[in-house]
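Worksheet for the structure shown next.
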Amino acid sequence: MRGGSCRVTRGAHIYKMAAQEVRLCGLLLQEHFGEVVEKVGTHLLRTGAQTLRGLSYECNTPLDLVKKSLCVLVQHGLCVFAGRRKGPGSVVEYLASCEKVLRILRYPRYIYTAKTLYGDTGELIVEEVLQRGHMTMSHAVRTVADRLTHNMEEGRSMEYSEVVSAFSRLVETHFLQRCPPVAEVGTTPSTTEGPGGPALQAAAPTLAESHPDRYTLPHVNLTGRGKRRRSSEDSDGESRVGKKAKMDPGASEPSGDDGIYWQVNFDRFHQHFRDQAIVSAVASKLDPTSSEIVRTMLRMSEVTTTATAACTQPLSANEIFRAFPPSYSISRPVLEQYLSLLVDDPMEFVGKSGDSGGGMYVVNLHKALASLARATLESVVQERFGSRSARIFRLLLRKRHLEQKQVEDFAMIPAKEAKDMLYTLLSENLVQLQEIPKTPDHAPSRTFYLYTANPLPTARLLLQHCYKTVANLIERRLYETKESKRLLEKSQRIEAILASLQATGAEPSQLTEVEEMITAPERQQLQALRHHVNKLDSSENQVDETIFLLESYINSTKSPR
C-alpha cells in the first residue's frame, strides 16, 4: 500500500508539472497566434498525436479553422506531421512539441543577439524569419532592405548586397539554416472518410531527417535597393498598394531560390547563450584575461562543436595563442600559466586532453553547465530561506549523504535551527531523506536517516516553478493591458494623428492642440502602465535566463558523455 500510494502521488506531481508547461504554452500561443491556434495547439500538447478529423471533433472547431491552425503551427516549426504507417492509405497525424512552443518566450533574446553580433540588418533578418516561420532568402532580403530604407533619411536607401552579406554571415555561422525538404508525394492525395479520419490514398509526405546542404547558400540574382513605403492620405490608395505588394512581394524577374526556405537554427543560438554564460562565470570567478581565453577557445570551436557535445574540440596552446586578441598583448609563457590555472581550478571549466603542440585543451561544457546550475540552485535557496539554509544545502551537495548531527557539526549551526531548516528544505523537496535500516524490521532506533541533495531532480522542480512564474507574469501583463485597453487605443490614435500631421508639415499649434487631447491624469496613468509592463517584461526575460540554464543542464545529463 505504501509503495502504491507513493506511485499515485508521484504521478499526480508529474501531471501537475506538465500542466504548468501546457498552461505557459497556451498563453504563448494565444498571445502570438490567437485563440483558435491556442485551442488546437494546447489540445495537441495534452493528448499527443491526433488526426485532422479527430482534432476537429475533440476541439469542437470547424475543419477549415483546424486546417489553418495546423498550417500556422507547421509553418513555425511547432508541430510535425507523419503517416501512422508507411505506404499508401496511411492517416496523417499531427504532434505538437512543448519544447518548441516554449522557444517563443526567447524570441526577443534571439533578436537582440542577432543585433549585437550583426547590427540592425542581422536583427531585422532574424526578426522577419521568426515572425514568418520560414522565408526564402530573396524575400527576406527585399523585406529587410525595404524596412531599413523606410527608416533612413530621404534620398538614401539600403543596397540589397548589404543585406545579402549579413544573411550570408548568419548562414556561415549557422544561425540560419535551410528547412528540411519535404519528400515528394507520387499522386495527388484524395481523402476518403474513415473512422479514424481522412485516409490518404498516396503516401503521407515526410520531412527529410538529414540534409547536408543546410548551410549552403543558393545563387541568388538580387540587384537593386530597398523601396521606401509612401504614406498616402487616400486609404483606398493604400489598400491598392498593399494588395499589389502582397501579389508581387519581390521583383518581377526570378531570383533563383524558389522553394529554398530558411529558418532560425535555435540550437546554434542556445549554444551561443551557453558560451556567454560560461565566459561570464569565468570572468566573475577569476579575471577578464581568463574569460577571454575561454571565449577564444569557444569561438574557435563554435561551428565544429555539436549542440550535445560534452566538451569542445581539442585545441593546442599554439592555436589558442595565435587566435588570442592582440589587444591583450600577453606572451606565450603567460598564456600557458593562465591555461594551467584554468585546468587546476575547482570549477573544471577547462581540461587538458594531451601534451602535443604545447598542450591540448578543451572546454568541459557539461561540467560547466552542472557548475552553473548548482550555483543557481544555491542562489535560489539563499534568496528563499536565508544564508544558513543555503550553507546546509551547499554542504549536502558536496558531502552527498549526512546525518542530522553531522549537518549540525559541519555547518556549525545550533541543533534546533538546523533541524527546522532541514525540515523546511525537505518539505519543499529541495533535499531528500534516505533510510538505511540495520535490521529488516525498519525499527527507527536501528535505522540511519541520511539527508541528501540531488541537483538533477531539484533543477527539474525549480524549472517547473519558473514555468509557473512566467505564466503568472504573462497573465498579469495581459490583465494590465486589458484593463487600460480604451486608454491605450486613444493614445495610439493620437500618436497616428501626430505622425500624419508632422509628415504633412503642420504648424506647432496644431500639434499642441492634438497632444492636449490626452489629459494630465490620463498621461500619468499611461506612464504608470508602461512602467508596470516594462517591469513585467524585464522579469520574464530574467526568469527565462534561469529557465535556459536549467534546461541546458537537464539536457546535458541526457546526452552521452
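Please determine whether any residue of segment 311-327 is assigned to a loop (DSSP other than H, G, I, E, B) and free of Cβ contacts under 8 Å to residues at least 12 places away in the same chain. Write out each step before concluding.
Within segment 311-327, the first condition is being assigned to a loop (DSSP other than H, G, I, E, B), and the residues that meet it are 312-314, 324-325.
Checking which are free of Cβ contacts under 8 Å to residues at least 12 places away in the same chain leaves us with none.
No; the residues of segment 311-327 include none that is assigned to a loop (DSSP other than H, G, I, E, B) and free of Cβ contacts under 8 Å to residues at least 12 places away in the same chain.
Given the structure, is G359 on the phi > 0 side of the Ramachandran plot, surrounded by 12 or more Cβ atoms within 10 Å (Cβ to Cβ) and in contact (Cβ under 8 Å) with a residue 12 or more places away in the chain?
Numbers: on the phi > 0 side of the Ramachandran plot: yes; surrounded by 12 or more Cβ atoms within 10 Å (Cβ to Cβ): yes; in contact (Cβ under 8 Å) with a residue 12 or more places away in the chain: yes.
Criteria met by G359.
Return the residue satisfying two criteria in turn: it lies in segment 116-145 and is more than 20 Å from the chain's Cα centre (by Cα), part of a helix (DSSP H, G or I) and of a type in the set (V, I, T), and of such residues it is surrounded by the fewest Cβ atoms within 10 Å (Cβ to Cβ).
T143
So which pairs qualify, if the first residue must be in segment 522-533 and over 15 Å from R486 (Cβ atoms), the second must be of a type in the set (S, T, N, Q), the Cβ gap must be under 8 Å, and the two must be at least 6 apart or on different chains?
If the second residue must be of a type in the set (S, T, N, Q), the pairs left are V533/T481.
Just to check your reading of the model, which residue among A459, A418, A411 is at pLDDT below 85, crowded, with 19+ Cβ neighbours inside 10 Å and over 30 Å from Q525 (Cβ atoms)? Break it down into steps so the answer makes sense when it comes.
Details: A459 fails: at pLDDT below 85; A418 fails: at pLDDT below 85.
Selected residue: A411, the only one of A459, A418, A411 that is at pLDDT below 85, crowded, with 19+ Cβ neighbours inside 10 Å and over 30 Å from Q525 (Cβ atoms).
Taking the condition of a type outside the set (A, V, I, L, M) and either touching an Asp or Glu at 6+ places or on another chain (Cβ under 7 Å) or open to solvent by less than 40 Å² (accessible area, probe 1.4 Å) (or both), does Y328 pass?
Details: of a type outside the set (A, V, I, L, M): yes; either touching an Asp or Glu at 6+ places or on another chain (Cβ under 7 Å) or open to solvent by less than 40 Å² (accessible area, probe 1.4 Å) (or both): yes.
Yes: the conditions hold for Y328.
Looking at segment 100-115, is at least one residue more than 30 Å from E545 (Cβ to Cβ) and open to solvent by 20 Å² or more (accessible area, probe 1.4 Å)? First the steps, then the outcome.
Taking segment 100-115 first, the residues more than 30 Å from E545 (Cβ to Cβ) are none.
Checked against the condition, which is being more than 30 Å from E545 (Cβ to Cβ) and open to solvent by 20 Å² or more (accessible area, probe 1.4 Å), segment 100-115 yields no hits at all.
So is I518 modelled with pLDDT of 85 or more, surrounded by 15 or more Cβ atoms within 10 Å (Cβ to Cβ), assigned to a loop (DSSP other than H, G, I, E, B) and not polar (S, T, N, Q) or not? Break it down into steps so the answer makes sense when it comes.
Details: modelled with pLDDT of 85 or more: no; surrounded by 15 or more Cβ atoms within 10 Å (Cβ to Cβ): yes; assigned to a loop (DSSP other than H, G, I, E, B): yes; not polar (S, T, N, Q): yes.
No; evaluated as a whole, the condition is false for this residue.
Are any residues in segment 43-78 over 25 Å from P180 (Cα atoms) and polar (S, T, N, Q), and if so, which ones?
As a first pass, look at segment 43-78 and keep what is over 25 Å from P180 (Cα atoms): 43, 46-47, 53-65.
Across segment 43-78, the qualifying residues are T47, S56, N60, T61.
The values are calculated or read from the model by the stated rules, or taken from the named source; none is laboratory data. Just so we're clear, the structure is a prediction, and the values are computed from it rather than from any experiment. We place every Cβ from the backbone using ideal geometry, glycine too, and count neighbours over all the protein chains shown. What goes into the accessible areas is simple: the full protein's heavy atoms, side chains included, and nothing from ligands, DNA or RNA. Shrake-Rupley method; radii C 1.70, N 1.55, O 1.52, S 1.80 Å.
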